[in-house]
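K.L.:
What follows is a single structure, and I will ask about it in a moment.
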Amino acid sequence: MTNSIPYGHQSIDESDIEAVAAALRGDWLTTGPTVAEFERQIAAVAGSQGAVAVTSGTAALHTAYAAAGVSSGDQVIVPALTFAATASTASLLGAEIVFADVEEDTGNIDPDAVTALATERTAAVAAVDFAGHPAEIDALLPIARSVGALLVEDAAHSIGSTYHGRPVGSLADLTTYSFFPTKNLTTTEGGAVVSDDAALLGAARAFRSHGLVRDPELQRNPDEGAWHQEIHRLGLNYRLPDVLCALGLSQLRRLEEFKASRSRVFDRYVEGLGGVEGLRLPTKREHVDPMWHLFPIRVQDGRRREVFDRLRAQGILVQVNYIPVYWHPYYEDLGYRRGLCPVAERYYSEEISLPMYANLSAADQDRVIDAVRSILA
Ligand SMILES: *Cc1c(COP(=O)(O)O)cnc(C)c1O
């Protein structure tokens, strides 16, 4: 039996292991100097003023929406084609989700759809950089601005990507990352929120740590004693520990290497699968330089399920990204109906994510290419 090939996989080397061991031997384990250094370097990669490290990409979205002031009665516009957390974290804050359809080529939120849906009730517009390809932020920002909403970029797929030469993280009001093992870099579980706005960063930092106010100048009862901290707005414990930030710092040193490897994988798929009948390969627009997280193919003629099952049967552990969020029973029970976002539904019905990660060997990739070609031949 040949080995199985996952759709995504981390790349951990000895330098990562040594960095974690050194943090474990240190004094802090959790909130110490490594967190601050990781945040400084994430902000540098993002081209933003600051970063707040949190425990997952989901926590990052929850924290970003909370910092944006999203609460009950608000609407949040979310693309239908994304991981459910882009919507569920806003739902948890009491917002009503308004699902926007996506662009037919990139699978990213369609600015025209957002224009049609934005109202004065819109508190935030979320854009997802599907597969690592940045969404059309320059079109989305003015639409969000025109109704007084903030633009949140869910960049779980796209740390390391650029848009018109500018890094993802420097584009929207708030940008969130995920450092889950299959993502572009990992801290095991982990995530971050970045922004240029000091008030948004302060709100995110407070939400990450119970909303505790430690600065006496900002406290209501500063004379209580030197131990005193107080809560003005609720938050949670979303702190990312020093040990995991040490892994993140080590991984960041390899970010360019990861980008180059993922780029090589992308190009090899384009070369190996170009011209296959019944197959569409991902689009790349002129003005973006993606760090590819996924390689989403689209299988025409209603054969997606067959191709998926046959690849899985050969140990090629492909994935489907994503079921339209409102197909989840939770949203269905709120009254959202199939047919709402036809472009996203079509994209979903054809999509398969092929194995894509920095350490994917040429031999394993050729096995994937040959399998897809022979199934569709
Ligand atoms: C992975 C992912 C998330 C959630 O990140 P976690 O770190 O797994 O919590 C959110 N949005 C998108 C688009 C993702 O791919």
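K.L.:
What are the ³J(HN,Hα) couplings of the stretch 119-128, residue after residue, when phi is run through the Karplus curve with 6.51, -1.76, 1.60 and θ = phi - 60°? Round to Hz, x for glycine and proline.
P.N.:
Whole-Hz 3J(HN,Hα) from phi for the stretch 119-128: 9, 5, 7, 6, 8, 8, 10, 9, 10, 10.
K.L.:
Which net charge results for the neighbourhood of Thr63, defined as the other residues with beta-carbon distances under 10 angstrom from its beta-carbon, given Lys and Arg at +1 and Asp and Glu at -1?
P.N.:
On the way: positive: Arg205, Arg208; negative: none.
Computed value for this residue: +2.
K.L.:
In whole Hz, with x marking every Gly and Pro, tabulate ³J(HN,Hα) for the stretch 205-215 from phi via Karplus 6.51 cos²θ - 1.76 cosθ + 1.60, θ = phi - 60°.
P.N.:
With the stated coefficients, the stretch 205-215 comes to 4, 5, 4, 5, 10, 6, x, 5, 9, 9, 6 Hz.
K.L.:
What distance in nm lies between label points placed 7 Å from Cα along the C-beta direction at Ala362 and Glu217?
P.N.:
Rounded to a tenth, the inter-label distance reads 5.9 nm.
K.L.:
Tell me the label-point distance for the pair His287, Glu37, using the 7 Å Cα-to-Cβ offset, in nm and rounded to one decimal.
P.N.:
Taking the two extended label points, one gets 3.8 nm.
K.L.:
Work out how much length Asn237 to Ala260 would gain on full extension: take 0.36 nm times their residue separation and subtract the Cα-Cα distance, in nm to one decimal. Could you put the intermediate results ahead of the total?
P.N.:
Working: separation 23, 0.36 × 23 = 8.28 nm, distance 3.54 nm.
This chain segment gains 4.7 nm when fully extended.
K.L.:
Quote to one decimal, in nm, the extra length available between Glu18 and Ser146 on full extension: 0.36 nm per residue of separation minus the C-alpha distance between them.
P.N.:
Gain on stretching Glu18 to Ser146: 41.2 nm.
K.L.:
Let me ask something else. Taking the Cα centre of each part, how many Å lie between the stretch 161-213 and the stretch 252-269?
P.N.:
Using only Cα atoms to place each centre, the spacing works out to 22 Å.
K.L.:
GluC sites (Glu not before Pro) within the stretch 274-330: which are DSSP loop residues with at most 13 other Cβ atoms inside 10 Å?
P.N.:
On the way: sites: Glu277, Glu286, Glu306; in loops: Glu277, Glu286.
Of the GluC sites (Glu not before Pro), the ones in loops of the stretch 274-330 whose Cβ has at most 13 other Cβ atoms within 10 Å are Glu277, Glu286.
K.L.:
Under a 5 Å amide H to amide H cut-off, with H placed in plane at 1.01 Å, what residues pair with Glu96 once short-range neighbours are removed?
P.N.:
Counting only residues 5 or more places away or on other chains, the set is Gly73, Asp74, Gln75, Val76.
K.L.:
Probe radius 1.4 Å, ligands and nucleic acids left out: which of Lys183, Lys284 has the largest accessible area, and how do the rest follow? Don't skip to the answer; put the middle values down first.
P.N.:
Working: Lys183 35, Lys284 95 Å².
In descending accessible area the options line up as Lys284, Lys183.
K.L.:
Based on the mean of other Cβ atoms within 10 Å per residue, sort peptides 169-181, 30-42, 358-370 so the most packed one is first.
P.N.:
In descending order of packing, they fall as 169-181, 30-42, 358-370.
K.L.:
In addition: Could you tell me the calculated FRET efficiency between Arg121 and Trp28, based on Cβ-Cβ distance and R0 = 51 angstrom, to the nearest 0.05?
P.N.:
On the way: r = 44 Å, r/R0 = 0.85.
For R0 = 51 Å, the calculated efficiency reads 0.70.
K.L.:
Shifting gears a bit: Once the dipole of the chain is set up with Lys and Arg at +1 and Asp and Glu at -1 on Cβ about the Cα centre, which of Gly69, Val194, Val243 lies farthest towards its positive end?
P.N.:
It is Val243.
K.L.:
Roughly how many Å² is the accessible area per residue of the chain, as a whole number, for a 1.4 Å probe?
P.N.:
42 Å²
K.L.:
Which length gain, in nm to one decimal place, applies between Ala377 and Arg305 when the Cα-Cα distance is subtracted from 0.36 nm times their residue separation?
P.N.:
Working: separation 72, 0.36 × 72 = 25.92 nm, distance 1.61 nm.
Taking Ala377 through Arg305 to full extension adds about 24.3 nm, to one decimal.
K.L.:
A further question follows. Simple spin-label model, 7 Å along Cα-to-Cβ: Glu96 to Asp370 in nm?
P.N.:
In this crude label model, Glu96 to Asp370 measures out at 5.6 nm.
K.L.:
Further question on the same structure: Based on the Cβ-Cβ distance of Arg338 and Ala139, what FRET efficiency does E = 1/(1 + (r/R0)^6) give at R0 = 25 Å, to the nearest 0.05?
P.N.:
That pair, Arg338 with Ala139, gives E of 0.35.
K.L.:
Right, here's the next one. Show me the ranking of peptides 8-18, 186-196, 347-357 by mean Cβ neighbours inside 10 Å, starting with the highest.
P.N.:
Answer by packing, highest mean first, reads 186-196, 347-357, 8-18.
K.L.:
To continue, here is another question. When you count, for each residue, the other Cβ atoms within 10 Å and take the mean per peptide, how do 231-238, 314-321 rank with the highest first? Before the final figure, lay out each step's value.
P.N.:
Values: 231-238: 14.2, 314-321: 18.4.
Ranking the peptides 231-238, 314-321 by packing returns 314-321, 231-238.
K.L.:
Leaving ligands, DNA and RNA out of it, report the carbon-plus-sulfur percent of the accessible area of the stretch 5-252 at a 1.4 Å probe. Present the calculation step by step, with values, prior to reporting the outcome.
P.N.:
Values: 5250 of 9500 Å².
The C+S portion of the solvent-accessible surface of the stretch 5-252 is 55 percent.
K.L.:
What value in Å³ per residue do you get for the convex hull of the alpha-carbon atoms in the chain?
P.N.:
Per-residue hull volume (Cα only) is 143 Å³.
K.L.:
What does the accessible area of Trp327 come to, in Å² to the nearest 10, when a probe of 1.4 Å is used?
P.N.:
Surface open to solvent at Trp327 totals about 40 Å².
K.L.:
If you find the alpha carbon centre of the stretch 35-49 and of the stretch 315-335, how far apart are they in angstrom?
P.N.:
Each part reduced to its Cα centre gives a spacing of 33 Å.
K.L.:
Something else now. Which angle between 0 and 90 degrees, to the nearest 10, do you get for helix 33-46 versus the longest principal axis of the chain when only C-alpha atoms count?
P.N.:
Taking Cα atoms only, the helix is inclined about 50 degrees.
K.L.:
Within a Cβ distance under 10 Å of Ala116, other residues only, what is the Lys/Arg minus Asp/Glu net charge?
P.N.:
Cβ neighbours under 10 Å give a net charge of -3.
The values are calculated or read from the model by the stated rules, or taken from the named source; none is laboratory data. Keep in mind that what you see is a predicted model, and the values were worked out from it rather than measured. Reconstructed Cβ throughout: ideal geometry from the backbone, glycine too, with neighbour counts over all protein chains shown. When the accessible area is computed, the model is the full protein with side chains, heavy atoms only, and any ligands, DNA or RNA have been set aside. Shrake-Rupley method; radii C 1.70, N 1.55, O 1.52, S 1.80 Å.
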